[in-house]
């Protein structure tokens with residue numbers, strides 16, 4: 001058997017709290033890779049080895065584990081379940097052969113897996129479902145299957161049929177060969193006689209499975225039509241082909257915490273999941289050629305340096321090899337926090353690359369013409385949530401930039417912006433937890449203590465009417481004095497037209513060499529208006545003035561212009577403007593009314609909503625929303641939609657702030673001024 005065919009690369013994915021880390025721990029234990037199991041509650045699992053994960057009792061970044069089961073080398077990557085870390089999951093899915101979607105046996109929570117299933121369908125990644133925690137549910141197995149079918153665009157077919165439910169869970173019937181198995185907590189299942197009351201249910205479930213597979217196999221269809229017995233090898237072959245081609249979604253079950261059904265899941269992975277060679281063929285990657293490597297995740301490991309988790313699409317890859325002018329300084333099989341050095345890896349391996357400092361997440365190394373187009377590109381998601389921050393110790397400000405470079409190398413979804421207007425350093429991410437984890441890493445890895453607060457909204461001012469203004473700057477000193485006199489007209493411009501300056505001086509009242517200084521003085525004065533914010537959409541016209549042949553200067557005319565605007569703008573009926581976002585919000589139809597109420601409660605304007613294309617049972621809402629009201633929008637939306645609602649946004653235009661809010665905003669701007 002070739003090395004490629006005896007290898008499988010999988011991702012464990014699913015909503016938060018469904019037991020993915022526990023499932024990985026059980027996989028390692030039942031395969032003999034672990035002598036004893038850890039527990040998520042104790043922070044002792046392989047998957048939750050970082051301080052951030054242990055503190056939260058949940059995965060906060062992908063964890064890789066390489067082990068052997070049933071004679072096959074498996075690389076299984078446990079992906080975070082929180083939607084705030086979905087970018088990490090996307091990156092991992094770009095480099096695996098299949099995914100195991102872990103769900104809970106709760107029909108009402110099946111909607112939580114809908115975006116993930118849609119993503120898997122979008123990238124055509126084969127996937128099967130493992131229904132975990134079956135000992136905690138009284139829901140009938142067929143009802144759970146129905147719930148899954150409502151959120152999957154691929155045919156959901158039962159691989160097993162549960163015997164009993166809840167505390168009375170006994171075991172399962174394997175629909176491939178129609179054998180019944182009795183669960184034993186912590187041990188392998190024993191074959192048992194099928195309970196009589198389950199024979200009819202099992203027969204019906206198997207018939208449903210066979211009919212779904214018959215859509216992929218004409219020979220099987222003929223056997224069904226002729227009412228011939230179906231050989232288990234035929235069923236297994238069609239399951240493997242259907243899964244590898246991403247045309248069916250097999251469903252298995254168990255209780256990972258008690259090792260129930262985990263051995264059967266491993267067997268299904270080995271027998272039915274696509275091999276690396278099948279995946280490269282599906283993607284259209286040439287089998288022959290120089291090494292082709294895609295970086296899936298970057299880690300900065302204390303005392304060990306940079307480690308890049310990568311998929312070797314085309315190998316072999318040797319330690320010390322040069323690829324795209326970068327030298328591989330160590331090859332490692334990775335399991336949790338442990339790394340095992342290897343000299344060479346074949347095509348299809350997922351390995352750690354040591355100390356490749358110039359390589360970043362998403363990089364494709366060794367790509368020849370046409371190679372990269374077959375691979376899934378990784379682009380950072382749009383930021384959704386932000387903290388303004390500063391170092392508790394001002395001496396640490398210089399360290400922040402260097403530390404953030406390493407942080408963003410590990411997590412490209414975090415972004416640090418220096419806003420010159422609000423004079424704030426703003427950390428962007430996917431949600432509050434995402435940013436809290438980032439702050440924890442900055443503190444623990446780089447000894448940076450940071451304080452956070454809400455970012456300021458970049459308000460603007462404009463004017464409703466025009467006015468005349470006069471500014472005179474006169475100052476006598478021991479030498480030359482300073483003198484300038486300007487008369488200007490201030491007029492509003494249409495929204496979005498910006499600043500305009502016009503010179504209507506005649507007769508040399510203001511010499512030509514000082515005209516640019518008047519324009520510069522106007523621009524500088526409009527940086528802060530009567531309400532404390534930059535003034536936009538204003539026209540300033542210089543129409544008269546005076547000068548002194550000795551005492552006049554560019555500086556004097558700048559100062560005189562600034563004085564004129566300072567005195568004139570309050571007479572122009574200044575008005576406060578706020579940025580308005582255009583958002584496109586996607587929610588399950590059951591939550592549409594709540595989402596509409598959320599938008600309205602934040603001073604938003606709903607522009608309309610309609611069924612979301614290619615998302616059965618989902619709606620898409622278009623709306624305008626003040627940026628000042630958007631800070632916690634993503635948190636509230638996720639809270640009311642079981643974490644599945646999402647939206648995209650862009651700054652669209654400026655609009656007037658309601659009168660009742662202007663005083664408070666102006667007061668806050670004054671108090672925040674340095």
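The values are calculated or read from the model by the stated rules, or taken from the named source; none is laboratory data. Everything quoted here is computed from the prediction, not taken from an experiment. Because the Cβ atoms are built from the backbone with ideal geometry, glycine has one as well, and the counts that use them run over all protein chains shown.
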The listed residue being in contact (Cβ under 8 Å) with a residue 40 or more places away in the chain, part of a helix (DSSP H, G or I) and surrounded by fewer than 17 Cβ atoms within 10 Å (Cβ to Cβ), out of 465, 406: 406
Selection from segment 272-300 of residues that are touching a helix residue (DSSP H, G or I) at 6+ places or on another chain (Cβ under 9 Å), farther than 22 Å from residue 63 by Cα and part of a loop (DSSP other than H, G, I, E, B): 284, 285, 286, 287
Test: residue in segment 500-516 that is assigned by TED's automatic domain parsing to the domain that holds residue 552, under 26 Å from residue 651 (Cα atoms), surrounded by fewer than 17 Cβ atoms within 10 Å (Cβ to Cβ) and in contact with a strand residue (DSSP E or B) (Cβ under 6 Å, 6 or more places away or on another chain): yes
Test result for residue 579, over 28 Å from residue 116 (Cα atoms) and surrounded by 15 or more Cβ atoms within 10 Å (Cβ to Cβ): yes
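Listed here are the residues, each with its yes/no results for (1) modelled with pLDDT of 95 or more; (2) part of a helix (DSSP H, G or I); (3) crowded, with 21+ Cβ neighbours inside 10 Å; (4) assigned by TED's automatic domain parsing to the domain that holds residue 88.
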site	(1), (2), (3), (4)
233	no, yes, no, yes
252	yes, no, yes, yes
263	yes, yes, no, yes
267	yes, yes, no, yes
270	yes, yes, no, yes
303	no, no, no, no
311	yes, no, yes, no
329	no, no, no, no
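Considering every residue within segment 151-163, establish whether at least one is over 37 Å from the mean Cα position of the chain (by Cα), under 26 Å from residue 26 (Cβ atoms) and surrounded by 12 or more Cβ atoms within 10 Å (Cβ to Cβ).
If we filter segment 151-163 for residues that are over 37 Å from the mean Cα position of the chain (by Cα), which is where we start, we get 163.
With the extra rule that they be under 26 Å from residue 26 (Cβ atoms), the set shrinks to 163.
Right, trim to surrounded by 12 or more Cβ atoms within 10 Å (Cβ to Cβ) and you get 163.
Yes, segment 151-163 contains a residue that is over 37 Å from the mean Cα position of the chain (by Cα), under 26 Å from residue 26 (Cβ atoms) and surrounded by 12 or more Cβ atoms within 10 Å (Cβ to Cβ).
Would you confirm whether or not segment 48-61 contains a residue that is closer than 26 Å to residue 637 by Cα and buried (at least 23 other Cβ atoms within 10 Å of the Cβ)?
Yes, segment 48-61 contains a residue that is closer than 26 Å to residue 637 by Cα and buried (at least 23 other Cβ atoms within 10 Å of the Cβ).
Residues that are touching a helix residue (DSSP H, G or I) at 6+ places or on another chain (Cβ under 8 Å) and free of Cβ contacts under 8 Å to residues at least 24 places away in the same chain: which strands (runs of 3 or more DSSP E) entirely in segment 525-641 hold 2 or more of them?
On the way: elements: 538-546, 574-588, 605-611, 618-626.
Result: 605-611.
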Condition check for residue 422: surrounded by 14 or more Cβ atoms within 10 Å (Cβ to Cβ) and assigned to a loop (DSSP other than H, G, I, E, B): yes
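Would you mind stating whether residue 480 is touching a strand residue (DSSP E or B) at 6+ places or on another chain (Cβ under 6 Å) and assigned by TED's automatic domain parsing to the domain that holds residue 546? Spell out the reasoning first.
Working: touching a strand residue (DSSP E or B) at 6+ places or on another chain (Cβ under 6 Å): no; assigned by TED's automatic domain parsing to the domain that holds residue 546: yes.
No; evaluated as a whole, the condition is false for this residue.
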Residue count for segment 483-499, restricted to those that are over 17 Å from residue 569 (Cα atoms) and in contact with a strand residue (DSSP E or B) (Cβ under 6 Å, 6 or more places away or on another chain): 3
Filter result for residue 10 (at pLDDT 95 or above and assigned to a helix (DSSP H, G or I)): no
Pair list, Cβ < 7 Å and 6+ apart or interchain, from segment 413-436 residues that are under 17 Å from residue 90 (Cβ atoms) to residues that are part of a strand (DSSP E or B): 413/429; 414/427; 414/428; 414/429; 415/428; 429/385; 430/385; 431/385
Selection within segment 595-612 - out of contact with any strand residue (DSSP E or B) (no Cβ under 8 Å at 6 or more places or on another chain) and surrounded by fewer than 15 Cβ atoms within 10 Å (Cβ to Cβ): 597, 601
Qualifying strands (runs of 3 or more DSSP E) (wholly inside segment 110-229; at least 1 residues being in contact with a helix residue (DSSP H, G or I) (Cβ under 7 Å, 6 or more places away or on another chain) and within 14 Å of residue 255 (Cα to Cα)): 127-131, 160-163, 187-192
Residues of segment 92-109 classified as at pLDDT 95 or above and not in a loop (DSSP other than H, G, I, E, B), total: 8
Lone unmet requirement of (1) within 37 Å of the chain's Cα centre (by Cα); (2) touching a residue at least 40 places away in the same chain (Cβ under 8 Å) for residue 177: (1)
Flag if residue 533 is closer than 27 Å to residue 459 by Cβ, under 40 Å from the mean Cα position of the chain (by Cα) and either at pLDDT 95 or above or not assigned by TED's automatic domain parsing to the domain that holds residue 662 (or both): yes
Enumeration of residues in segment 378-393 that are assigned by TED's automatic domain parsing to the domain that holds residue 408 and loosely packed, with under 13 Cβ neighbours inside 10 Å: 392, 393
Options 440, 396; residue that is in a helix (DSSP H, G or I), modelled with pLDDT under 90, surrounded by fewer than 19 Cβ atoms within 10 Å (Cβ to Cβ) and outside the structural domain of residue 529 (by TED's automatic domain parsing): 396
Checking residue 457 against (1) crowded, with 19+ Cβ neighbours inside 10 Å; (2) out of contact with any helix residue (DSSP H, G or I) (no Cβ under 9 Å at 6 or more places or on another chain); (3) under 26 Å from residue 535 (Cα atoms), the condition it does not meet: (2)
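For every residue, the table says whether it meets (1) in contact with a helix residue (DSSP H, G or I) (Cβ under 7 Å, 6 or more places away or on another chain); (2) under 30 Å from residue 439 (Cβ atoms); (3) part of a helix (DSSP H, G or I).
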position	(1), (2), (3)
470	yes, no, no
485	yes, no, no
502	no, no, no
522	yes, no, yes
Segment 337-372 - residue that is out of contact with any strand residue (DSSP E or B) (no Cβ under 6 Å at 6 or more places or on another chain) and farther than 15 Å from residue 295 by Cα and, of those, surrounded by the fewest Cβ atoms within 10 Å (Cβ to Cβ): 369
